[in-house]
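The values are calculated or read from the model by the stated rules, or taken from the named source; none is laboratory data. Quick caveat, the model's predicted, so the values are computed rather than measured. Here the Cβ positions follow ideal geometry from the backbone for every residue, glycine too, while neighbour counts run over all protein chains shown. Remember, those area values only see protein heavy atoms, side chains included, never the ligands or the DNA or RNA. Shrake-Rupley method; radii C 1.70, N 1.55, O 1.52, S 1.80 Å.
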Amino acid sequence: MENKQNLDFLAIGDITTDAFIRLKEAEIRCDHGSEDCKLCVSYGDKIPYEFVEIVRAVGNSANAAVSASRLGLTSAFLGTVGDDQNGKECIESLQKDKVVTDYINIDKDQPTNYHYVLWYDVDRTILVKHAPFKYKIPEALEMNPSKWIYLSSLGDSSLEFHEQIVAYILRHPEIRLAFQPGTFQIKLGTEKLKDIYARTEIFFCNVNEAERILGITSASLPVDQKEKVLKLMEMIRALGPKIVSITDGIDGASVYDGTEAWYIPVYPHEPYDRTGAGDAFSSTFTSALILGKSIEEALMWGPINSMSVVQYIGAQKGLLSREALLDYLAKAPENYKPKKIN
């Protein structure tokens, strides 16, 4: 049934089921510091694991749609699932979180994406496979465009779909775009996605992703970490985005609007599973702006949802309601505030 609600937030991307496999015996080997680490297990052996937990309806954009909905926005998801039980359960999971699912396409020729998460200590390595779906913008969205589009991870058959998205936004110039590139979108390069970058209002990535996007290494950047992040934000903004935010794991997050740059530390916590921390930050930051908050206020909202998400298995269980997030904000330590870095 076509949905006539006025949409605040339309998340576009792939959706999957994640099977979290909690490894019992593994080793982390870092050859050149913490940026070049390998998850190692015995080759040709039987590897014991503690448990498996199945998490439905995840993926960068699906996580963002749920995040926005819990924060009180009218949120929808545009993606594709197969005509199978996994696809049915993904749709039902989104609906439980009041995400509009009218724009989900069902592909009878491909299975719903299913990923395996190798979880060891507090971090994870994900085995991914994106089905070669035929992506398209539903006609219903021509009459009911969202205020914002949140674009993230899509499979390697989606280049033409990115062109469709650009054309759609050009037909509806009132739409504002948030872009959090996934693995394939980073591999495509900035030239093939130059029109996406040019139309982006807010851009999100982490430090390592920024270096890959720009094709540079840490050796060519300032030694001081905050200066390094600022330089990366300036270089990405030169590609077109109006606002650039870069996260740096436990070292916090930064944002730059072309005039001013701010930094905020993480909200104090002990992580259990870091899956979804970046999605929680970027979707919450975007939602705060949609709700009329300033960049500095949005920068305070984002890490709180990230902090909550990493207390649970998977990327959605810990996503907060607006009331709960504001409660954490009211109880924040005195040093939890944005600081200018330029």
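Quick notes on this structure:
- For the stretch 171-178, backbone phi angles converted through the Karplus equation (6.51, -1.76, 1.60; θ = phi - 60°) give residue-by-residue couplings of 6, 10, x, 6, 6, 10, 10, 10 Hz, Gly and Pro being listed as x.
- In the stretch 220-334, taking the dipole from charged Cβ atoms about the Cα centre, the farthest positive-side position among Leu325, Ile264, Ile290 is held by Ile290.
- Pairs from Lys147/Lys226; Lys46/Lys88; Lys108/Lys194; Lys24/Lys129; Lys226/Lys293; Lys88/Lys129 whose Cα-Cα separation, in the structure shown, is over 26 Å: Lys147/Lys226; Lys46/Lys88; Lys108/Lys194
- All other residues whose Cβ lies under 11 angstrom from that of Asp123 are scored, Lys and Arg at +1 and Asp and Glu at -1, for a net of 0.
- Amide H within-cut-off set for Gly82, under 5 Å, with H built and near neighbours excluded: Gly87, Asp107, Thr112, Asn113
- The calculated Kirkwood hydrodynamic radius for the chain is 20.4 Å, given to one decimal from all distinct C-alpha pairs.
- Rounded to the nearest 20 debye, the dipole magnitude of the chain is 440 debye, with +1 charges on Lys and Arg beta carbons, -1 on Asp and Glu beta carbons, and the Cα centre as origin.
- Solvent-accessible surface of the chain, averaged per residue with a 1.4 angstrom probe and all protein chains in place: 47 square angstrom.
- Only helices enter this figure: runs of n ≥ 4 DSSP H residues, each worth -39500 (n - 2.57), summed and divided by the residues of the chain, yield -9500 deg cm²/dmol at 222 nm to the nearest 500.
- ³J(HN,Hα), Karplus 6.51/-1.76/1.60, whole Hz, each residue of the stretch 284-299, x for Gly, Pro: 6, 4, 4, 4, 4, 5, 4, 7, x, 7, 6, 4, 5, 5, 4, 5
- Residue-by-residue Karplus 3J(HN,Hα) for the stretch 273-282, coefficients 6.51, -1.76, 1.60, Hz, glycine and proline x: 8, 7, 4, x, 4, x, 4, 5, 4, 5
- Sites Lys136 and Asn335 - FRET efficiency at Förster radius 41 Å, r taken between beta-carbons, to 0.05: 0.30
- With a cut-off of 11 Å between beta carbons, the residues surrounding Asp156 carry a summed charge of +1, where Lys and Arg count +1 and Asp and Glu -1.
- Per atom type, the chain shows carbon and sulfur on 49% of its accessible surface, probed at 1.4 Å.
- For the listed peptides 283-293, 135-145, a ranking on the average number of other beta carbons within 10 Å per residue, highest first, reads 283-293, 135-145.
- Cysteines having no other Cys beta carbon under 4.7 Å from their own, within the chain: Cys40, Cys90, Cys205
- For q = 0.20 Å⁻¹, Debye-computed log10 I/I(0) when each Cα of the stretch 78-127 counts as one equal scatterer: -0.75
- Note on the stretch 191-342: semi-axes of the ellipsoid equivalent to its C-alpha gyration tensor, largest first and rounded to whole Å, are 25, 16, 16.
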